[in-house]
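Participant: Okay, here's the structure, questions in a sec.
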Amino acid sequence: MSVVVRFFTTIYYNKKALIGFILVVFFVLMALIGPLFFHFSTAIDYSARLDPPSFAHPLGTDFAGRDTLTEIVIGSQQVLSVAFWAALISLSAGVVIGILAGFIGGVVDEILMIIINLVLTIPSFSLNLILAAIFSVTSPVAFGLLLSVTAWAPLALGVRAQILSLRERDYITVARLMGLGKGYILTRELLPNIVSYLTINFIQSASGAVQASVGIMLLGLVPYSVTNWGQMLNIAINQNGGLSNPSGVYYMLSPILALTLFTFGCFLFANGIDDFFNPRLRTS
Amino acid sequence: MSARIRVIGKRIIVAIITLFLSMVVSFVMMRETPGNVWQGLAYQMAQSQNIPLVMAYQRLTAMYHYNPNQPMITAFLTYLNGVIHGNLGVSMLNQNVSVNQVIAAALPWTLFVAVIALGISFIIGNWLGVRMAWKRNSFLDPLMTGLSVISHAVPSFVIALVLIVVFSLRLGWFPYNGAFSFLVQPGFNLPFFLSALDYACLPILTYVLVLLGTQAMSMKSTSLAVMNEDYVSAAQARGLRESVIVKRYVKRIAILPQVTGLALSFGGILGASALVETLFNYPGIGQFLTNATNTRDYSELQGLFLFQAVCMIVANLIANVLYAYLDPRVKTEG
């Protein structure tokens, strides 16, 4: 319990982290309970198309006269669930491979390092694009898996480096001399020490996955639904006169604003967690 | 000397292995994926042209030199042979255009933008980074921190979109559609060059905004680390001028990791080019990749992807070799 209290105290006194935390929680709540309050109707009202923000429509309306705010809220569910799955899958793969490489070492390490370096060299966004074209993605899990194909490699590299540096610490040597099993050392001594690293990377992976998935949707490659932020951007750019249509600017800015606020929040929050876990930066 | 050659030799071997593996990936991806690409094409063709499936396969074989009955190893060797001889195949949709021709037409534009953007952010970023390390608490600190936050937290396509809307559509300062004005004659003449530069401004600015902050901040932190070294204090104690210390003692060492970082930045540009070039309608590798993806032109996709991978491998190799040559510590060894 005290850890939770200390966590929130640290976050509270670190203004940047607080802003990040609020933003992330805001978007997560939007995705979880937002759809209960906002109902997306496909009714088309061309007399109200691309309206500027008003009291009835706080973010204006889309090309068919529907409320943009509702679309953003409904869309956040898809965007965030893709991000969640991508972060979960790539982090799990990264942890397993990083631990295998760092903990076992030797030939296993060398082979895994060649594979990691190969994946790091492949232009990941291009690969994601091509995979999205080959497989027709229909579910958030599949989309997350697709994004994880390359995203695990930097995480594995990071976990491996953490394990390598921790392995040489005195308390690990002591544990080894005490004759404790490898599994015990791994789960009780090593893993708790990289929890902070994993948490930070989970958030950063989620942020990266949101950027990548919205980017792929922006190019119109994954026909998902009209409420997805990337699909909204695609429509805003390519249809109804696109960018040169002055009245379309609010419809274009809404998903950009949502996306940027989320990734910005993730960035600040991840940095705040770093402060919390890093004892050298702790003030009191 | 021998140490350096050993380092470079090891790098070259790793690069060759990576190259081979990326060929395997690009080959397997197109051929052995579930929901086989060729099968899909054959069904589509059989349906649209109202011919039996066997005939569709025959036509596909004739068109793309693809043989479904060929064992995978033989097919891979044929593909490998083509790639080694510099033949990346023919576009599926436009049989008159080879992938090599597509790359030859698109690469100059991508390189033009990438090289200028990398150069600007490398020179300015490193200069600012050293300055920030040397003179603490200058106004540059919050500015560059802000920029690096932007490059971490704001996707490149959002930056591109904002630049298009603000500088091109609202203010009308820069053009954004295409690579040069249709009024100029493409060729080796000044108006064409100026027009190309004009059209490249916003894509370059996009990449610079993405790269500059990170570049400056990492140069700052490496410079700070170097400044704590004893020889810098010794140089200060000897009363050397500040500019000499910064230039000869700090910058020369602190710039080393940045050189390796150049390869990463180049990779970042290549990766972002699919989105950025498409938004600017800029006829580079990235836009062709997006178009090929949208039209499901698999042979062009395969070729462009392999080409990008080769670019990345070569860029990494150059960075590593350069590092071995620039680093005085590698020189003194052996």
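The values are calculated or read from the model by the stated rules, or taken from the named source; none is laboratory data. Source: prediction; values computed, not measured. Positions of Cβ are backbone-derived with ideal geometry, glycine not excepted, and every protein chain shown enters the neighbour counts. Calculation scope for accessible area: heavy atoms of the full protein, side chains included, ligands and nucleic acids excluded. Shrake-Rupley method; radii C 1.70, N 1.55, O 1.52, S 1.80 Å.
Participant: So with the 1.4 Å probe, I'd like the accessible area per residue for the stretch B:250-304, rounded to whole Å².
Facilitator: 26 Å²
Participant: Sticking with this structure for a sec: For peptide A:127-136, what's the mean number of Cβ atoms from other chains within 10 Å of each residue's Cβ?
Facilitator: Mean number of neighbouring Cβ atoms from other chains: 6.
Participant: While we're on this one: So what are the radius of gyration and Dmax for the Cα set of the stretch A:56-181, in Å?
Facilitator: Calculated on Cα positions, Rg and Dmax stand at 20.9, 71 Å.
Participant: Obtain the nm distance between the two label points defined at B:VAL115 and A:LEU32 by a simple spin-label model: each point lies 7 Å from its Cα along the Cα-to-C-beta direction.
Facilitator: Going from the B:VAL115 label point to the A:LEU32 one covers 5.3 nm.
Participant: In terms of Cα to Cα distance under 27 Å, which lysines are near enough to A:LYS15, apart from those fewer than 8 places away along the same chain?
Facilitator: Result set, ordered by chain and number: B:LYS135, B:LYS220.
Participant: Further question: Suppose we flag trypsin sites (Lys or Arg not before Pro) only when DSSP calls them loop and at most 14 other Cβ atoms lie within 10 Å. Which is the longest uninterrupted stretch of chain A?
Facilitator: The longest uninterrupted stretch comes out as A:1-168.
Participant: What number, rounded to the nearest 500 deg cm²/dmol, is the helix-based mean residue ellipticity at 222 nm of the protein assembly as shown, given -39500 (n - 2.57) per DSSP H run of at least four residues and division by all its residues?
Facilitator: The helix-only estimate for the protein assembly as shown comes to -24500 deg cm²/dmol at 222 nm.
Participant: If you average the sequence gap of Cα pairs under 8 Å that are 6 or more apart and divide by the length of chain A, what percent do you get for the contact order?
Facilitator: So the answer I get is 28 percent.
Participant: Tell me, how many Å apart are the Cα centres for the stretch B:238-258 and for the stretch B:121-175?
Facilitator: 25 Å
Participant: Counting heavy atoms of the protein chains only and a 1.4 Å probe, report the per residue accessible area for chain A as a whole number of Å².
Facilitator: In whole numbers, chain A has 46 Å² accessible per residue.
Participant: List the pair-distance distribution P(r) of the stretch A:135-217, using every Cα-Cα distance, as the percent of pairs falling in each 5 Å bin from 0 up to the bin containing the longest distance, rounded to whole percents.
Facilitator: 3, 12, 19, 17, 13, 11, 9, 7, 5, 3, 1
Participant: What nm value, rounded to one decimal, do you get for the distance between A:PHE135 and B:LYS135 when each label is placed 7 Å out toward the C-beta?
Facilitator: Modelled inter-label distance: 5.3 nm.
Participant: Can you list, largest first and rounded to whole Å, the semi-axes you get for the stretch B:230-334 by taking the square root of 5 times each eigenvalue of its Cα gyration tensor?
Facilitator: 43, 16, 7
Participant: Please compute how much accessible surface disappears when B pairs with A, both sides summed, using a 1.4 Å probe, and round it to the nearest 100 Å².
Facilitator: The contact between A and B buries close to 3300 Å².
Participant: Semi-axes of chain A's equivalent ellipsoid from the Cα gyration tensor, sqrt of 5 times each eigenvalue, largest first, rounded to whole Å?
Facilitator: 42, 23, 13
Participant: Over the stretch B:188-276, with every protein chain in place, what whole percent of the accessible area is carbon and sulfur at 1.4 Å, could you tell me?
Facilitator: 65 percent
Participant: Right, something else. For peptide A:111-124, what's the mean number of Cβ atoms from other chains within 10 Å of each residue's Cβ?
Facilitator: 6
Participant: Let me ask something else about it. If you build a Gaussian network model of chain A, linking Cα atoms that sit under 10 Å apart, which residue out of A:VAL108, A:VAL73, A:VAL119 swings the most?
Facilitator: Per the Cα network of chain A with a 10 Å cutoff, A:VAL108 tops the list.
Participant: How far apart, in nanometres, would the label points at A:PHE7 and B:SER48 be if each is projected 7 angstrom from Cα along the Cα-to-Cβ direction?
Facilitator: 5.4 nm
Participant: What is the set of long-range amide H partners of A:THR61 at a cut-off below 5 Å, with H atoms built 1.01 Å from backbone N?
Facilitator: A:LEU50, A:ASP51, A:THR68
Participant: On to the next question. Any idea what the dipole of the protein assembly as shown comes to, in debye rounded to 20, about its Cα centre with Lys/Arg Cβ at +1 and Asp/Glu Cβ at -1?
Facilitator: In debye, rounded to 20, the protein assembly as shown gives about 1760.
Participant: Counting pairwise Cα distances across chain B, what percent come out greater than 30 angstrom?
Facilitator: 51 percent
Participant: Could you point to the residue in B:MET132, B:ASN320, B:LEU306 farthest towards the positive end of chain B's charge dipole, with +1 and -1 charges on the Cβ of Lys/Arg and Asp/Glu respectively?
Facilitator: Of B:MET132, B:ASN320, B:LEU306, it is B:MET132.
Participant: Same structure, new question: Report, in degrees rounded to the nearest 10, the 0 to 90 angle that the Cα long axis of helix B:190-227 makes with the longest principal axis of chain B.
Facilitator: 50 degrees
Participant: Same structure again: Could you state the orientation-averaged shadow area of the convex hull built on the Cα atoms of the protein assembly as shown, in nm² to one decimal?
Facilitator: Here the figure is 35.7 nm², rounded to one decimal.
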